[in-house]
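A short worksheet on the structure shown next.
The values are calculated or read from the model by the stated rules, or taken from the named source; none is laboratory data. All of these numbers come straight from a predicted model, not from anything done at the bench. Neighbour counts run over all protein chains shown; Cβ positions are idealised from the backbone, glycine included. We work out accessible area using only protein heavy atoms, side chains counted, and drop any ligands, DNA or RNA first. Shrake-Rupley method; radii C 1.70, N 1.55, O 1.52, S 1.80 Å.
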Amino acid sequence: MTTLRTTTSNAGETHALGQRLGALLLAGDVVVLDGDLGTGKTVLAKGIAVGLGITEPVVSPTFTVVREYDAPTPLVHVDVYRLDHLQELHDLGFDDLVGGEAVTVVEWGDRVSAALPSDRLRVLLEPGDGDDDRVVSVDAAGMTWGDRRAALADALTGSDSGSDSGSDFGARDG
Ligand code: ADP
Ligand code: MG
């Protein structure tokens, strides 16, 4: 399977990338965001929320683990950074939320791979050459991404990326 890759140069570009990704997402999609602390997973998730049409502010779920946002296609935003046991995720009702009407975005999702459907979009954020550069790699595992691969490639190379640069999309946690 091909990995699609792009580099963003600031938080605004990552947010804009998330927005383009969010516009492609459908009910039931699962997006896993991986990468070290501070690489921009929450920034990307905030962009995805905007792409889904969510207008309320998206807050990092590091301490709550799961937050839900209402929209025609709702968002379930999960951060498993502080989770000690997979069972906690089940106890939070995660299994009933994932793959249903909502789009599920899971920060540090690789850690809970066993609890996620194999059909998922995997996004990895890694530091790039410059301080604010992030290399974003996207793997579309599973069948539901077959038809959307071209659109996904377009989203990654979006020409309007960076138009929001200068805004502060940063989070102070997770
Ligand atoms: P994570 O959720 O991965 O721990 P956050 O999204 O909370 O990370 O924070 C990323 C931090 O890095 C923010 O303070 C953001 O402003 C900063 N940043 C700098 N350059 C970028 C970039 N290219 N993409 C995303 N965030 C960036
Ligand atoms: Mg985070």
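Considered as a group, the residues in region 96-139 that are surrounded by fewer than 15 Cβ atoms within 10 Å (Cβ to Cβ) and farther than 15 Å from Thr39 by Cβ include one that is modelled with the highest pLDDT, and that residue is Glu101. Per this entry, Ala49 is counted among residues that are closer than 25 Å to Asp147 by Cα and open to solvent by less than 60 Å² (accessible area, probe 1.4 Å).
Give the residues of region 94-108 that are touching a residue at least 24 places away in the same chain (Cβ under 8 Å) and either part of a loop (DSSP other than H, G, I, E, B) or among the charged types (D, E, K, R) (or both), sorted by residue number. Let's see the steps before the verdict.
Of the residues in region 94-108, the ones touching a residue at least 24 places away in the same chain (Cβ under 8 Å) are 94, 97-108.
Result: Val98, Gly99, Gly100, Glu101, Ala102, Glu107, Trp108.
Close contacts from region 58-77, counting a first residue that is among the basic types (Lys, Arg) and a second that is outside any loop (DSSP other than H, G, I, E, B), with Cβ to Cβ under 9 Å and a gap of 6+ residues or different chains, come to Arg67/Leu75; Arg67/Val76; Arg67/His77; Arg67/Val78; Arg67/Asp79.
Within the option set Leu89, Leu152, being touching a strand residue (DSSP E or B) at 6+ places or on another chain (Cβ under 9 Å), more than 22 Å from Thr39 (Cα to Cα) and assigned to a helix (DSSP H, G or I) holds for one residue only, Leu89. Restricting attention to region 101-147, the residues being aromatic (Phe, Trp, Tyr) and within 16 Å of ligand 2 (Cβ to nearest atom) number 1. In a residue-by-residue description of region 81-90, the property of being open to solvent by 10 Å² or more (accessible area, probe 1.4 Å), closer than 18 Å to His15 by Cβ, within 14 Å of ligand 2 (Cβ to nearest atom) and in contact with a Gly (Cβ under 8 Å, 6 or more places away or on another chain) applies to no position.
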